[in-house]
1. Taking Tyr16 and the conditions (1) farther than 18 Å from Leu139 by Cβ; (2) part of a strand (DSSP E or B), which numbered condition does it fall short on, given that it satisfies the others?
2. For the range 105-130, which residues satisfy the criterion of being under 12 Å from the mean Cα position of the chain (by Cα) and either surrounded by fewer than 18 Cβ atoms within 10 Å (Cβ to Cβ) or of a type outside the set (Ser, Thr, Tyr) (or both)?
3. Name, by its number, the condition in (1) at pLDDT 95 or above; (2) under 28 Å from Val50 (Cβ atoms); (3) assigned to a loop (DSSP other than H, G, I, E, B) that does not hold for Glu141.
4. (1) part of a strand (DSSP E or B); (2) touching a residue at least 24 places away in the same chain (Cβ under 8 Å); (3) out of contact with any Cys (no Cβ under 7 Å at 6 or more places or on another chain): which one isn't true of Val7, the others all being true?
5. Any idea which of Thr23, Thr43 is hydroxyl-bearing (Ser, Thr, Tyr), touching a residue at least 60 places away in the same chain (Cβ under 8 Å) and over 21 Å from Val144 (Cα atoms)?
6. Provide a single number: the residues in the range 151-189 that are within 24 Å of Val90 (Cβ to Cβ), assigned to a loop (DSSP other than H, G, I, E, B) and under 18 Å from the mean Cα position of the chain (by Cα).
7. Given the structure, is Ser59 crowded, with 24+ Cβ neighbours inside 10 Å, more than 20 Å from Glu105 (Cβ to Cβ) and among the small types (Gly, Ala, Ser)?
8. Would you tally the residues in the range 163-209 being crowded, with 19+ Cβ neighbours inside 10 Å, among the small types (Gly, Ala, Ser) and touching a Lys or Arg at 6+ places or on another chain (Cβ under 9 Å)?
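The values are calculated or read from the model by the stated rules, or taken from the named source; none is laboratory data. Note that the coordinates shown come from a computational prediction; the quantities given were computed from them, not determined experimentally. FYI the Cβ positions are ideal-geometry reconstructions off the backbone, even for glycines, and counts take in every protein chain you see.
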Amino acid sequence: MRIDELVVGPLATNCYVLSCEETGEAIILDPGAEEDKIKQLVTELSLQPVTLVLTHGHSDHMAAAAVLKREYAIPLALHGDDIETMKRSVADAPLWGLGTVEYPEVDVLLAAGDSIDFGKISGRVLHTPGHTRGGISLLFERVVFSGDTLFALSIGRTDFFGGDMDTLLRSIRRELFTLPGETIVYCGHGPSTSIATEKDQNPFLNGYF
């Protein structure tokens with residue numbers, strides 16, 4: 001699996017384009033803004049997007065989703081518990097410097113254990129609520145995309161609608177920290193990390209596990 005990362009929007013969101021190197025099929029994960037930058041990458045790599053996936057419904061992770069849905073005529077997937085989160089976040093988008101964000105219709109309601117497939121690549125949905133009610137992480141063989149659940153030496157905020165600190169910590173403990181230590185964590189903002197590093201060094205989790 002090829003992983004291309006674009007930092008987009010005023011909140012420096014990590015948008016990931018994941019592609020199968022054999023077939024050219026791809027998914028676009030968290031298209032938070034700057035759709036032209038995302039489209040340019042897709043064109044340069046001659047990719048065929050098949051699905052848009054959101055780790056959660058905050059506007060800084062989906063502001064370009066509606067445009068890209070139309071551009072590529074592909075479905076949008078989001079956990080069912082985050083529909084209300086996305087509605088509220090779209091309304092609040094101007095407060096975060098994102099301007100007016102078009103609400104994208106969701107085609108696929110994700111749940112824990114669902115598969116995300118493109119080309120010969122298959123990933124699995126982990127339900128990791130706490131930052132939002134419907135937050136997910138995507139697990140592939142040796143990598144996990146954690147959205148805003150877990151960051152390098154930090155964790156997601158829980159002071160927004162649907163956030164809850166105990167739920168977030170439980171998600172990290174049960175869904176992420178049970179993964180092998182060498183698993184690479186690609187985060188919703190900031191640099192990547194590893195499960196082992198976060199277990200050993202994350203100051204927000206030190207002593208909790």
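1. Evaluating Tyr16 over (1) farther than 18 Å from Leu139 by Cβ; (2) part of a strand (DSSP E or B) leaves (1) as the failure.
2. If the condition is that a residue be under 12 Å from the mean Cα position of the chain (by Cα) and either surrounded by fewer than 18 Cβ atoms within 10 Å (Cβ to Cβ) or of a type outside the set (Ser, Thr, Tyr) (or both), then Val125, Leu126, His127 are the ones that fit.
3. (1)
4. (2) is the only condition that Val7 fails.
5. Going through Thr23, Thr43 in turn, just one is hydroxyl-bearing (Ser, Thr, Tyr), touching a residue at least 60 places away in the same chain (Cβ under 8 Å) and over 21 Å from Val144 (Cα atoms): Thr23.
6. 8
7. Against the criterion (crowded, with 24+ Cβ neighbours inside 10 Å, more than 20 Å from Glu105 (Cβ to Cβ) and among the small types (Gly, Ala, Ser)), Ser59 does not qualify.
8. Final tally of qualifying residues: 1.
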